[in-house]
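Novice: Below is a structure I'd like to ask you about.
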Amino acid sequence: IIERKQVESALRKAETDLRRTSKLTAMGQLSASITHELGQPLSAMRTYIASLGAHSSQETQDKTLGKLTSLVERMISITQQLRYFARSGDKEMRRVNLKDTIQGALNSTQPAIQAANVTLDIQQQDKPVNVLAGSVRMEQVLVNLIRNALDAMQENPPEKPRHLLIRLSTEKDKAVLTVEDSGPGISEEAQKMLYEPFYSTKPSGIGMGLGLAISTNIIAELEGSLSAENRAEGGARFVVTVPLLEREK
Ligand code: ADP
């Protein structure tokens, strides 16, 4: 019995150590990622600001201002992604009409959609599609999927059409939200790693590899699912399903 107790206590200690180590590892990865992702635009900003001497022309100033604005926007999107870890207040679930989620997500992504020369197609029914969710989180999922689609289509050669489809439908007791793009599709390697935190094939400063990991978590909390596949005609398709609110079934 004494031996067994010793073994059990050693096991408990090993488990605690392991938990501590993996927490520290995750923190290390996150810190490295944030430092890198924010450090890069910050040092670019310093260079741009330094170049804005008193003698620079109006044209140079305007151009630099544009570059500074897009760097600030990139930093905002990084911090928005990280809000997921910080905000516990938004855990509150309420009735969310997914049509409003689409509108909300488009409000923040429309400028990027236009800038990327992407044609947008929205297919949805007239009736509301209500689910029980956190509205900000739900929007975060859709924004992630839209941004990923835009990033993917960035790689398209100029002659290949850039097309984004957002479809909202219902299927039995589920709401189905689909995001399709006409990009290169998900590579075989990415398919295996898609939902792993910190997995990204994007250049540094564009992707932290947290988007899909966070989105899957958000959807899992709603007892829904998030899946990805490549379309037969090329490009990727992401499908989010969330249980419909009881009374809507
Ligand atoms: P990030 O966007 O920061 O790279 P994500 O977790 O959102 O992180 O995505 C992980 C990876 O999944 C991306 O780097 C990319 O390789 C792949 N991926 C995601 N969405 C698409 C898409 N629409 N088309 C092709 N590949 C994609």
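The values are calculated or read from the model by the stated rules, or taken from the named source; none is laboratory data. What you are looking at is a predicted structure, and each value in this text was computed from that prediction instead of being measured. Cβ placement follows ideal geometry from the backbone for every residue including glycine, while neighbour counts extend to all protein chains displayed. What goes into the accessible areas is simple: the full protein's heavy atoms, side chains included, and nothing from ligands, DNA or RNA. Shrake-Rupley method; radii C 1.70, N 1.55, O 1.52, S 1.80 Å.
Novice: When only residues in segment 135-171 that are among the small types (Gly, Ala, Ser) and without any contact (Cβ under 8 Å) to a residue 60 or more places away in the chain count, which is nearest to residue 186 (Cα to Cα)? Show your work before the answer.
Specialist: Step one: list which residues in segment 135-171 are among the small types (Gly, Ala, Ser), which gives 135, 149, 152, 169.
Next, from what is left, pick out any that are without any contact (Cβ under 8 Å) to a residue 60 or more places away in the chain: 135, 169.
On the way: 135: 28, 169: 24 Å.
Selected residue: 169.
Novice: Does segment 205-222 hold any residues that are more than 10 Å from the ligand (Cβ to nearest atom) and more than 14 Å from residue 137 (Cα to Cα), and which are they?
Specialist: Listed by number, the list holds a single entry, 205.
Novice: Output the qualifying pairs, or none if there are none: Cβ atoms under 7 angstrom, residues six or more apart or on different chains, first residue in segment 206-220 and more than 16 Å from residue 86 (Cα to Cα) and among the hydroxyl-bearing types (Ser, Thr, Tyr), second residue modelled with pLDDT of 90 or more and open to solvent by 10 Å² or more (accessible area, probe 1.4 Å).
Specialist: 216/195; 216/226
Novice: Same structure, new question: Being more than 16 Å from the ligand (Cβ to nearest atom), touching a Leu at 6+ places or on another chain (Cβ under 9 Å), in contact (Cβ under 8 Å) with a residue 40 or more places away in the chain and more than 25 Å from residue 82 (Cα to Cα): is that true of residue 118 here? Walk me through it before giving the result.
Specialist: On the way: more than 16 Å from the ligand (Cβ to nearest atom): no; touching a Leu at 6+ places or on another chain (Cβ under 9 Å): yes; in contact (Cβ under 8 Å) with a residue 40 or more places away in the chain: yes; more than 25 Å from residue 82 (Cα to Cα): yes.
The answer is no for residue 118.
Novice: Take residue 186 and tell me if it is within 7 Å of the ligand (Cβ to nearest atom) and either at pLDDT 95 or above or touching a His at 6+ places or on another chain (Cβ under 7 Å) (or both).
Specialist: Answer is yes for this residue.
Novice: Tally time: how many residues in segment 235-248 are open to solvent by 30 Å² or more (accessible area, probe 1.4 Å) and within 11 Å of the ligand (Cβ to nearest atom)?
Specialist: Residues in segment 235-248 being open to solvent by 30 Å² or more (accessible area, probe 1.4 Å) and within 11 Å of the ligand (Cβ to nearest atom): 1 in total.
Novice: OK, next. Which residues, counting only those in segment 74-109, are surrounded by fewer than 12 Cβ atoms within 10 Å (Cβ to Cβ) and either modelled with pLDDT of 90 or more or part of a helix (DSSP H, G or I) (or both)? Break it down stepwise before answering.
Specialist: Let us first name the residues in segment 74-109 that are surrounded by fewer than 12 Cβ atoms within 10 Å (Cβ to Cβ), namely 76, 85-86, 88-89, 91-92, 94, 107.
Across segment 74-109, the qualifying residues are 76, 85, 86, 89, 91, 94, 107.
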